[in-house]
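The values are calculated or read from the model by the stated rules, or taken from the named source; none is laboratory data. The structure displayed is predicted, hence computed values, not measured ones. Note that each Cβ is placed from the backbone with ideal geometry, even for glycine, and that neighbours are counted across all protein chains shown. Note: accessible area is taken over every heavy atom of the protein model, side chains too, but ligands, DNA and RNA are not part of it. Shrake-Rupley method; radii C 1.70, N 1.55, O 1.52, S 1.80 Å.
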Amino acid sequence: MSPARTGQVAAVDLGATSGRVMLGTVGSGHLDIRQVARFANDPVQLWNGRRAALHWDITRLYTQVGAGLADAARQAPDLLGVGIDSWAVDYGLLRGGRLLGLPYHYRDTRTGAGVAAVHAAIEPSELYARNGLQFLPFTTLYQLMAEQLEESIDLAEHALLIPDLIGYWLTGTVATERTNASTTGLLEPTGNWDTALHARLGLRPDLFPDLVDPGTSMGPVLPAVAASWGLDRSLQLTTVASHDTASAVAAVPMAPESAAYISCGTWGLVGVELIDPVINAASWAANFTNEAGADGRIRFLHNVMGLWLLSESVRRWQRCDVGVSLPRLLGHAAARPAPVAVFDVGDPRFLTPGDIPARIVNWYTEHDLPAPDSRADMVRAIVESLAAAFASGVHAAAMLSGTDVQAVHMVGGGARNRLLCQLTADHTGLPVIAGPVEATAIGNILIQARAHGLLAGDLEALRAVVASAFAPRGYTPRRDISSRKAG
């Protein structure tokens, strides 16, 4: 039974394109959230002496977090605490407690040399056996090897992942939260640092601080920070499942033994929740990853490019037409016929910022297929191709893990996209249950609420609170189109 008292906590939720501060009121099985601040998270390009490099504007992001927390404290004078989640893999380097430079953006092109250096030291198949992670060229260990080749990492005493870095600036406490650490490639499947792998790659084993689990108190906000932002000094920082996908999955109101999830934002993370990792030749060939989730669960999933393709396309079109609107385009796209063939959304050409629509046209041309010739047709092709990739991921996750998937839960921004949800149902041949949209912030709030004694129980008990608080939208497959493949 849930505790009787009610309280409020703040969730700092930092995505790859925007950040938010959300206020959650929790207790007695009750859950209510509202947004108190939202801000852009735009990368910056800086000349580094050799090339233009892509970085995160982390000091601006920190300032926006502080302003949002000040707003939250004004709206909730008895605010109990705060938790931070963000995108994965990126980090800041510290020496003597000071940041050595703006963290690199994972879409920066520097990591190719890091990939080559890692794979020269350890075969990819052996690396997968050690860490259970899918290959992504921007995984932290590849970034760190790129730093090592540039000899910049020698100056650093610590590397802190983004939520841990902001938490350090808030409290002065140095630690690494486990779910986000599991995305670095430097953790064993048991959830501990693989110090032998660190040594093999020439990385110091103490580069990352000790691991802590979600729900750990990191202490109060520093008095100087509290004073500058008008915060109560008793405001506590609690670790949550700080990889944003881990927080999102914690809030999916699903039965893990019979459901798959798609956490759809900038990226689409498609998978199932397991008790034990799946690390074998088949999962390696399918490029599936085993990442840590809340309460010791395993997120067995595959990355799909996600809504990045839409947002970057709209950004490009708005350069010459400020009236371009994604909701309007989606409405037009729903009335357009499906493309002759879907394109491969995982093609590396779509990873970096730029003219995504032109790259999609090039993909179709190279494959001797008719390319979309209007914006509405382009949006339809993108959404149809994402849905096909999601379906492929769902079926692969089910087959590789032995999960009898009967439904697909779509959470995050993609849950708002009715066309995407319907096409995902069509391509999977399974019902899609959409919502909650704010799953990441909700998962963040749930872990905090349990740590503060506002809720009790295991992950299923927390999910039951979500199910009672947020009504989902259902989508039934209209036809089986799962056989449509990329050309």
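Stick to the Cα atoms of segment 51-195, pair each with every other, and give me the Kirkwood hydrodynamic radius in Å at one decimal. Its Kirkwood hydrodynamic radius stands at 16.5 Å. Modelled label positions at SER374 and ASN192, each set 7 Å beyond Cα in the direction of Cβ, lie 6.1 nm from each other. When you count the other C-beta atoms within 10 angstrom of each residue and take the mean per peptide, 427-435, 325-333, 147-155, 395-403 line up highest first as 427-435, 395-403, 325-333, 147-155. Inter-label distance, GLU151 to LEU100: 1.3 nm, where each label sits 7 Å from its Cα along the C-beta direction.
Once the convex hull of all Cα atoms in segment 413-456 is built, its volume per residue stands at 74 Å³. Under conditions of 10 °C and 1.306 mPa s, the chain yields 69 µm² s⁻¹ as its translational diffusion coefficient, taking Rh as the Kirkwood radius over Cα pairs in the Stokes-Einstein equation. Backbone geometry of segment 287-298 corresponds, through the Karplus equation with coefficients 6.51, -1.76 and 1.60 at θ = phi - 60°, to 3J(HN,Hα) couplings of 6, 9, 10, 10, 10, 6, x, 5, 6, x, 6, 10 Hz, x marking Gly and Pro.
If I take every Cα pair under 8 Å that is 6 or more residues apart in the chain, average their sequence separation and divide by the length, what percent do I get for the relative contact order? Provide the component values of the computation, followed by the final result.
On the way: 1058 pairs, mean separation 82.1, N = 487.
This gives 17 percent for the chain.
With a 1.4 Å probe rolled over the protein heavy atoms of all chains, the accessible area of THR190, THR424, THR25 falls in the order THR190, THR25, THR424, largest first.
Taking θ as phi - 60° and the Karplus parameters 6.51, -1.76 and 1.60, the scalar couplings of segment 83-95 work out to x, 10, 10, 7, 4, 9, 6, 8, 7, x, 9, 10, 9 Hz in sequence order, x denoting glycine and proline. 3J(HN,Hα) couplings calculated from phi for segment 260-270 with the Karplus curve 6.51 cos²θ - 1.76 cosθ + 1.60 (θ = phi - 60°) are, in sequence order, 10, 10, 10, 8, 10, x, 3, 10, x, 9, 10 Hz; Gly and Pro show x.
Which trypsin sites (Lys or Arg not before Pro) in segment 236-316 pass both tests, a DSSP loop state and at most 14 other beta-carbon atoms within 10 Å? Write out the running numbers ahead of the final one.
Details: sites: ARG297, ARG299, ARG315, ARG316; in loops: ARG297.
Of the trypsin sites (Lys or Arg not before Pro), not one in the loops of segment 236-316 has a Cβ with at most 14 other Cβ atoms within 10 Å.
Summed over the residues of segment 302-406 and divided among them, the accessible surface reaches 43 Å² per residue at a probe radius of 1.4 Å. Expressed as a whole percent, the accessible area of the chain that falls on carbon and sulfur atoms is 53 (1.4 Å probe).
May I ask you to compute the full-extension gain from ALA67 to PHE135, defined as 0.36 nm times their residue separation minus their alpha-carbon distance, rounded to one decimal in nm? Intermediate results must be reported in sequence, preceding the final value.
Values: separation 68, 0.36 × 68 = 24.48 nm, distance 3.70 nm.
Separation in residues times 0.36 nm, less the Cα-Cα distance, equals 20.8 nm.
Roughly how many Å² is the accessible area per residue of segment 7-164, as a whole number, for a 1.4 Å probe?
Details: 5760 Å² over 158 residues.
Result: 36 Å² of accessible area for each residue.
May I ask for log10 I(q)/I(0) of segment 1-125 at q = 0.15 Å⁻¹, from a Debye sum over the Cα atoms as equal point scatterers with solvent left out? With no solvent term, the Cα-only Debye profile gives -0.82. If a spin label sat at a point 7 angstrom from the Cα of ARG200 along the line to its beta carbon, the backbone N atoms of segment 259-297 nearer than 20 Å would be those of 277-292. Round to a whole angstrom and tell me the spacing of the C-alpha centers of segment 173-209 and segment 427-471. Each part's Cα centre sits 29 Å from the other's.
Under 5 Å between amide hydrogens, built in the peptide plane, is the criterion, and for GLY81 it picks out ALA10, GLN236 among residues at least 5 positions away or on other chains.
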